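These notes are about the structure you will find just below.
The values are calculated or read from the model by the stated rules, or taken from the named source; none is laboratory data. From a predicted model like this one, the values you see are computed outputs, not experimental measurements. Because the Cβ atoms are built from the backbone with ideal geometry, glycine has one as well, and the counts that use them run over all protein chains shown.
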Amino acid sequence: MEFIDVSAKTIEDAIVQGVAQLNSEGRELAETEVITQPSGGFLGIGRKPAVVRLYFTTMAAEASQEEIAEAVIQSNAVEFQPTASIDESATVVVESNASVDADQAADSEEAFDEEAPKAKRSREVSKEDQAEIAEKGKQFLEDMFKQMGLTVFIEKMTTPDKITFQVHGDELGILIGKHGQTLDAIQYLTNLVANKEVAGHCHVVVDVENYRSRREETLVNLAKRLASKVRRNRQKVSLEPMNAFERKIIHTALQGERNIVTDSEGVEPYRHVVISYKR
């Protein structure tokens, strides 16, 4: 079975980053294995990151509901640290003079449709199928949250082409993760389970206390502020790595901005937006 190795400060961060990467590449997590336990060393000397091996399959639609549920439980079995607060300081900005590749269009195309594998996006769904998808998705989430020992209320909102589950409760930062990475992984897996063995396909969005809209607002405000800084100083700035969906928010927010151009640089999972001055 194919696999990727992901390193991070903690095992939880490594799993979340790995699942997000597999998600963006249309792959499905099958099994996790801890290769190296993190070590703080002595006074920071000899510090070692956690290394986790994630085995995956390329045909995500063939995964069984039990396998997907088990993957979620394994991913959440480690100790999570709540990181629900959203502020601009969470997005590090570094001055940069490095050249970048002009590939904003690529981000627009790759901005993962958070909700579903590409092969099914074009299929129409009947009201009956949509109701089944909603029921399966909600049941999956309820079972997972029960396994995690969380008490939540799940609000369902339905439109002809989308089902949204808004999760309410206390201290739910555990479900969001750093910049929404855990939430993205939960949403991806919910889509796999809910749309499995259904003739049509309907996008499923999982949100926690309106995190996604608040995160988007934060990113748009940050993009506008940094564009003003770039225009004033005529020096490019690089944002921290983001997933394709968040990079697209930055690109879209700055379209048409005077003397401003945005590009993307790097490879996943370190791909990031660069805001530059254009005469």
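The single residue among Ser238, Ser264 that is small (Gly, Ala, Ser), farther than 25 Å from Val152 by Cα, more than 19 Å from the chain's Cα centre (by Cα) and buried (at least 19 other Cβ atoms within 10 Å of the Cβ) turns out to be Ser238.
Each residue in segment 197-208 was checked for being loosely packed, with under 15 Cβ neighbours inside 10 Å and either of a type in the set (D, E, K, R) or within 16 Å of the chain's Cα centre (by Cα) (or both), and 1 of them qualify.
Taking each residue of segment 244-261 that is in a helix (DSSP H, G or I) and looking for partners that are surrounded by fewer than 18 Cβ atoms within 10 Å (Cβ to Cβ) and charged (D, E, K, R) with beta-carbon atoms closer than 8 Å, six or more apart or interchain, yields Ile249/Glu216; Ala253/Lys224. Of the set (1) under 22 Å from Gln17 (Cα atoms); (2) without any contact (Cβ under 8 Å) to a residue 40 or more places away in the chain, all apply to Leu189 but (2).
For beta carbons closer than 7 Å, sequence separation of 6+ or different chains, a first residue in segment 135-154 that is closer than 26 Å to Glu197 by Cβ and touching a residue at least 60 places away in the same chain (Cβ under 8 Å) and a second that is of a type in the set (S, T, N, Q) and surrounded by 13 or more Cβ atoms within 10 Å (Cβ to Cβ), the qualifying pairs are Gly137/Thr190; Phe140/Thr190; Leu141/Thr190; Met148/Asn76.
Any idea which of Thr164, Thr159, Thr252 is among the hydroxyl-bearing types (Ser, Thr, Tyr), surrounded by fewer than 22 Cβ atoms within 10 Å (Cβ to Cβ), touching a Ser or Thr at 6+ places or on another chain (Cβ under 8 Å) and modelled with pLDDT of 90 or more? Walk me through it before giving the result.
On the way: Thr159 fails: touching a Ser or Thr at 6+ places or on another chain (Cβ under 8 Å); Thr252 fails: touching a Ser or Thr at 6+ places or on another chain (Cβ under 8 Å).
Checking each option against the conditions leaves just Thr164.
Per the listing Glu257, Glu171, the residue uniquely surrounded by fewer than 20 Cβ atoms within 10 Å (Cβ to Cβ) and under 25 Å from Ala14 (Cα atoms) is Glu171. Of the residues making up segment 13-64, those that are modelled with pLDDT under 75 and closer than 21 Å to Gly173 by Cβ number 1. Every listed requirement among (1) under 30 Å from Phe165 (Cβ atoms); (2) buried (at least 20 other Cβ atoms within 10 Å of the Cβ) is met by Pro269 save one, (2). Restricting the first member to segment 207-222 and to residues that are in contact (Cβ under 8 Å) with a residue 12 or more places away in the chain and under 18 Å from Arg247 (Cβ atoms), and the second to residues that are surrounded by fewer than 16 Cβ atoms within 10 Å (Cβ to Cβ) and hydrophobic (A, V, I, L, M, F, W, C), no beta-carbon pair is closer than 6 Å while six or more apart or on different chains.
Can you report the number of residues in segment 210-235 which are closer than 25 Å to Lys178 by Cα, among the basic types (Lys, Arg) and part of a loop (DSSP other than H, G, I, E, B)? Write out each step before concluding.
Here is the first cut: in segment 210-235, the residues closer than 25 Å to Lys178 by Cα are 210-227.
Applying the additional criterion that residues be among the basic types (Lys, Arg) yields 212, 214-215, 224-225.
From what's left, part of a loop (DSSP other than H, G, I, E, B): none.
Residues in segment 210-235 being closer than 25 Å to Lys178 by Cα, among the basic types (Lys, Arg) and part of a loop (DSSP other than H, G, I, E, B): 0 in total.
Looking across segment 131-180 at every residue that is among the aliphatic types (A, V, I, L, M) and in contact with a His (Cβ under 9 Å, 6 or more places away or on another chain), the one that is farthest from His203 (Cα to Cα) is identified as Val152.
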